[in-house]
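**Student:** The structure under discussion is supplied below as structure tokens; questions concerning it will follow.
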There are 2 protein chains.
Amino acid sequence: MTTVSLTRREGLLGPAYRHFYEEPVEFVRGEGVHLYDAAGEEYLDAYNNVPCVGHCHPRVVAAIAEQAARLNTHTRYFAAPILDYAERLLASLGGGLGHVMFTCSGSEANDLALRIARFHTGAAGVVVTANAYHGVTSAVAEISPSLGPSVAPGPRVRTIAAPVPGGGDDPEAEGRRMAAELEAAIAELEEAGHGFAAFVADSILSSDGIVPGPAGFLAPVAATVRAHGGLYVADEVQSGFARTGEEMWGYQRHGLEPDLVTMGKPMGNGIPVAAAAVRPELLEEFGRRVRYFNTFGGNSVSIAAATAVLDVIEEEGLREHVRAVGTRLLDRLAALEGHRPLRNVRGVGLYLSADIVAEDGDPAALAARVVNGLRERRVLIGATGPRADMLKIRPPLVFADAAADRLLAALDEVLEEVA
Amino acid sequence: MTTVSLTRREGLLGPAYRHFYEEPVEFVRGEGVHLYDAAGEEYLDAYNNVPCVGHCHPRVVAAIAEQAARLNTHTRYFAAPILDYAERLLASLGGGLGHVMFTCSGSEANDLALRIARFHTGAAGVVVTANAYHGVTSAVAEISPSLGPSVAPGPRVRTIAAPVPGGGDDPEAEGRRMAAELEAAIAELEEAGHGFAAFVADSILSSDGIVPGPAGFLAPVAATVRAHGGLYVADEVQSGFARTGEEMWGYQRHGLEPDLVTMGKPMGNGIPVAAAAVRPELLEEFGRRVRYFNTFGGNSVSIAAATAVLDVIEEEGLREHVRAVGTRLLDRLAALEGHRPLRNVRGVGLYLSADIVAEDGDPAALAARVVNGLRERRVLIGATGPRADMLKIRPPLVFADAAADRLLAALDEVLEEVA
């Protein structure tokens, strides 16, 4: 058994890797909503959305093990399970989305969506929200301003402000404001000769500060996208797979019918699998003239894991569970507001946030103290937002009331301590 | 159990997906060098490099199952196995390669290499071989002219001709010719204002027609890259992990010390995992100003699979095995040359090829008949090359003499039939 030090880690993986927490954690086991370190200490996971049906869910583990032992191959051979899965996925998406293409990561799915959108429209310009994050390939990093000024946005990219989290509650007013900014951004792209290919948005605007509502504000934006001949890409890497508790997909809360939908993180409960769902007419020429093959995308084991995840979400009624637990957690979190440095408590389902305010001091530093204080109490959350002063609470979907109570008690304690 | 038809498949996955063989195959089980259809018919796999230690190798399957049941998480927590793996990988690579960064696919690894190269050099221009294939993200498709004129090359990309497969046997002459073309390409890029960031090459030039030798011809090319301040990226997705039997990595046969090395396909025997190894000085500023996080890249299960693959390659002595079996297969394949429509038999290790010639007719059509004739005899190979008239024989590394004999007998029969 070798050991991990920051020095050894940086020596081998280099300086581009970051780690969580002032005192990094090393886990050796996971189960449900818990992670365990080598000393056997139990941590409550209120952060990770990838293990959506819980760490090491036995049904997913069995599906992976069984499939890995039987066959693991690619999409150039025929296979029934990938078609059965695609059928279920498309049924849940509805609208005009008729085809699904498989990739390994959300980054690859968003990159493919850009390729399809640019090929179809013949335009290069893309509009995103001001602090968007869509992934790490060259093309997708370029539309991820949250990566900072050394990376993005690229010259073919324009941004519009996301609604202020916890701000207005009139979806039409917010939507009109965003649509007006989008009009101006499209005009700029057209003037610069790039044209307008697509608007891409995370349906819960995670890196812009987690903006769950008012539900509906994205609808006027989508109408403006269409009016200018562009495509609406709903990035469901964060908001998909029942995360919001209201619908299976985040865009559905906004009453949208996207042209492309991308998904990733929770899709295989940790096994790399992601996808882009597409309106068929967008693929006609792309399919004929470009084609697409992703060696690992939709491989047998990834599809087995993804199928088991859908089974568990449906059979354990996780969407309904998320709605109930999330609503209760949101209410109790809101009750902490005011008499602690906590403002704008907000969320939908099991994606919750709140601003940390510092009357005289740095809110980001205070948010970091809250996150690290919770880590000391073995409760895992994160900080996010354009100024890193917002809490990010996004546990596995199987998070139950008892877990929520542990989180709330620890948070109350930490907020008292840092206030 | 649902069924697979071309109509159902195209309906769900869309027109961008291709399939192998006139009569597509559907497999339900794999073991070693064999794949099995639903009727229990056994196919000899002389094509797939991903299951490098054999389909469903028990050791890899056990590693996946055990890790999936214990913990599967990401690189923002500390973990020892990823560091142990990185250490072994870097030891096998040698040279100045000091850091390894993990991704999900070879496409993502090449995309990351481009990001690092462009950030480090401040230049955008990239040179590749004339029919190169490096992957499917937007940036990497742009440097993959084999995808056809609807995709690549992009404006910042120039190409140079690969050596003619089976052509000259003087590495210095071939290298000088390529280096001269590279000089001209760099001058063009600089004149167009793109500058020169990198030369990227598959060390066995697979899609350019499989050009294993003469070993050494890439060395003068690398010297020219350096002389012009660019970076040499060795794409080892095809030629890495003992495929050539001579060394662990294809570039080592050419006596190169690349600045970046990318790898993928066989790395996890089918579990999505890939990586870029990098000279530390290239990451100093990138790490500080850009950073990098890939959610699934280097996750616990991927690393467990990759570690088991390295174990098997070492403990089963697969490099030595590949050298012995590959040399024998090459000799026997060469013996078929001449009295059949087969020319330029070539290869190294278990990556072999030959041109199919048609005196009056279409060589690509004849190559397709050979490939489909073998498929009818339940032997799987493919066709490749700029004109799709070359055979692609690239079996799992555990391919043994008996398997080689079955392939040779079937090929002899098919060549007689189509001649």
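**Student:** I'd like the full set of residues that are buried (at least 21 other Cβ atoms within 10 Å of the Cβ), more than 7 Å from every other protein chain (Cβ to nearest Cβ) and out of contact with any Pro (no Cβ under 9 Å at 6 or more places or on another chain), limited to the stretch A:8-42.
**Tutor:** A:Leu35
**Student:** Could you check B:Gly54 against (1) out of contact with any strand residue (DSSP E or B) (no Cβ under 6 Å at 6 or more places or on another chain); (2) more than 9 Å from chain A (Cβ to nearest Cβ); (3) more than 30 Å from A:Leu89 (Cβ to Cβ) and say which number it fails?
**Tutor:** So the condition that B:Gly54 fails would be (1).
**Student:** So how many residues does the stretch A:126-150 have that are facing another protein chain (nearest Cβ under 7 Å) and at pLDDT below 95?
**Tutor:** Number satisfying all stated conditions: 1.
**Student:** Then there is this: If you go through the stretch B:298-315 one residue at a time, how many are in contact (Cβ under 8 Å) with a residue 12 or more places away in the chain and out of contact with any Leu (no Cβ under 9 Å at 6 or more places or on another chain)?
**Tutor:** Adding up the residues that qualify gives 9.
**Student:** Moving on to the next point. Can you name every residue in the stretch A:267-286 that is touching a Gly at 6+ places or on another chain (Cβ under 6 Å) and either facing chain B (nearest Cβ under 7 Å) or surrounded by 24 or more Cβ atoms within 10 Å (Cβ to Cβ) (or both)?
**Tutor:** Result: A:Ala274, A:Pro280, A:Leu283.
**Student:** Another one. Output the residues belonging to the stretch B:371-389 that are touching a strand residue (DSSP E or B) at 6+ places or on another chain (Cβ under 6 Å) and under 15 Å from B:Glu416 (Cα atoms).
**Tutor:** Of everything in the stretch B:371-389, just one residue is touching a strand residue (DSSP E or B) at 6+ places or on another chain (Cβ under 6 Å) and under 15 Å from B:Glu416 (Cα atoms), namely B:Val371.
**Student:** Please specify each residue of the stretch B:154-178 satisfying the condition of being more than 26 Å from B:Glu337 (Cβ to Cβ) and within 23 Å of the chain's Cα centre (by Cα).
**Tutor:** B:Gly154, B:Val157, B:Arg158, B:Thr159, B:Ile160, B:Gly175, B:Met178
**Student:** Give the residues of the stretch B:112-143 that are under 20 Å from A:Met101 (Cβ atoms) and touching a residue at least 24 places away in the same chain (Cβ under 8 Å), sorted by residue number.
**Tutor:** B:Tyr133, B:His134, B:Gly135, B:Val136, B:Thr137, B:Ala139, B:Val140
**Student:** Just checking, how many residues over the stretch A:375-409 are buried (at least 20 other Cβ atoms within 10 Å of the Cβ), without any contact (Cβ under 8 Å) to a residue 60 or more places away in the chain and not in a loop (DSSP other than H, G, I, E, B)?
**Tutor:** Number satisfying all stated conditions: 2.
**Student:** Given A:Leu93, A:Leu114, A:Leu83, which one is surrounded by fewer than 24 Cβ atoms within 10 Å (Cβ to Cβ) and within 30 Å of A:Ile186 (Cβ to Cβ)?
**Tutor:** Within the list A:Leu93, A:Leu114, A:Leu83, the selection yields A:Leu93.
**Student:** I need a count of the residues in the stretch B:62-73 that are farther than 14 Å from B:Ile271 by Cβ and either charged (D, E, K, R) or more than 7 Å from every other protein chain (Cβ to nearest Cβ) (or both).
**Tutor:** 1
**Student:** Is it the case, given these coordinates, that B:Cys104 is at negative phi and either at pLDDT below 95 or facing chain A (nearest Cβ under 9 Å) (or both)?
**Tutor:** Considered against the rule, which asks whether it is at negative phi and either at pLDDT below 95 or facing chain A (nearest Cβ under 9 Å) (or both), B:Cys104 comes out as yes.
**Student:** Only residues that are of a type in the set (Asp, Glu) and touching a Gly at 6+ places or on another chain (Cβ under 8 Å): list them for the stretch A:16-49, please.
**Tutor:** Those that are of a type in the set (Asp, Glu) and touching a Gly at 6+ places or on another chain (Cβ under 8 Å): A:Glu31, A:Asp45.
Results for (1) in contact with a helix residue (DSSP H, G or I) (Cβ under 9 Å, 6 or more places away or on another chain); (2) part of a loop (DSSP other than H, G, I, E, B); (3) under 28 Å from B:Val50 (Cβ atoms); (4) small (Gly, Ala, Ser), shown as yes or no for each residue.
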position: B:Ala185; (1), (2), (3), (4): no, no, no, yes
position: B:Ala197; (1), (2), (3), (4): yes, no, no, yes
position: B:Ala201; (1), (2), (3), (4): yes, no, yes, yes
position: B:Asp208; (1), (2), (3), (4): yes, yes, yes, no
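**Student:** From B:Ile204, B:Ile210, which residue is on the phi > 0 side of the Ramachandran plot and not small (Gly, Ala, Ser)?
**Tutor:** Step by step, each of B:Ile204, B:Ile210 is checked, and only B:Ile210 is on the phi > 0 side of the Ramachandran plot and not small (Gly, Ala, Ser).
**Student:** If you don't mind, there's one more thing I want to ask. Search the stretch A:333-352 for residues being part of a loop (DSSP other than H, G, I, E, B) and in contact with a helix residue (DSSP H, G or I) (Cβ under 6 Å, 6 or more places away or on another chain), and hand back the single one that is nearest to A:Glu416 (Cα to Cα).
**Tutor:** So the residue we want is A:Arg340.
**Student:** Here is a further query. In the stretch A:76-96, which residues are more than 15 Å from B:Ala16 (Cα to Cα) and either among the basic types (Lys, Arg) or more than 8 Å from chain B (Cβ to nearest Cβ) (or both)?
**Tutor:** The answer is A:Pro81, A:Tyr85, A:Arg88, A:Leu89, A:Ala91, A:Ser92, A:Leu93, A:Gly94, A:Gly95, A:Gly96.
**Student:** Kindly indicate which of A:Gly347, A:Gly326, A:Gly361 is surrounded by fewer than 16 Cβ atoms within 10 Å (Cβ to Cβ), more than 23 Å from A:Val25 (Cα to Cα) and of a type in the set (Gly, Ala, Ser).
**Tutor:** Of the residues listed, the single one that is surrounded by fewer than 16 Cβ atoms within 10 Å (Cβ to Cβ), more than 23 Å from A:Val25 (Cα to Cα) and of a type in the set (Gly, Ala, Ser) is A:Gly361.
**Student:** Which residue is nearest to the chain's Cα centre (by Cα), if the candidates are limited to the stretch B:107-153 and must be under 14 Å from B:Ala201 (Cβ atoms) and assigned to a helix (DSSP H, G or I)?
**Tutor:** By that ranking, first place goes to B:Asn110.
The values are calculated or read from the model by the stated rules, or taken from the named source; none is laboratory data. The structure displayed is predicted, hence computed values, not measured ones. Note: ideal-geometry Cβ built from the backbone for every residue, glycine included; neighbour counts use all protein chains shown.
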